[in-house]
Amino acid sequence: MRISSVVLPNKLITLCLILFFSSSSFGQTRDEKVRLDWQKLNADGTWFYDDLDAGIKAAKKNKKPLMVVLRCIP
């Protein structure tokens, strides 16, 4: 048996295991993903989620442009 024929399946198995266990959204519903995303944005302090007035004030204060994203989640 050649070494390359043993190494390839081992690498493939390792890659599959890494992809399987590294998925942060594994087992989460869509609602849980949205809520987790919202919590991360609020904890960051640089995003203004559902508060356009606060975003405009912060942009004026820091003299930075403001990007507004309007989303519709069906």
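The values are calculated or read from the model by the stated rules, or taken from the named source; none is laboratory data. All values reported here derive from a predicted model rather than from experimental measurement. Cβ sites come from the backbone with ideal geometry, for glycine too, and all protein chains shown count toward neighbours.
Give the residues of the stretch 44-72 that are loosely packed, with under 12 Cβ neighbours inside 10 Å, without any contact (Cβ under 8 Å) to a residue 12 or more places away in the chain and within 21 Å of V34 (Cβ to Cβ), sorted by residue number.
Scanning the stretch 44-72 gives D44, G45, T46, D50, A54, M67, V69, L70, R71, C72.
Go through the stretch 44-74 and give me each residue that's of a type in the set (K, R) and at pLDDT 90 or above.
Selection gives K57, K60, K61, K63, K64.
Look at L41 and say whether it is at pLDDT below 80 and not β-branched (V, I, T).
Criteria met by L41.
Quick one: L12 ticks every box in (1) at pLDDT 80 or above; (2) part of a helix (DSSP H, G or I) bar one, so which box is it?
Result: L12 fails condition (1) only.
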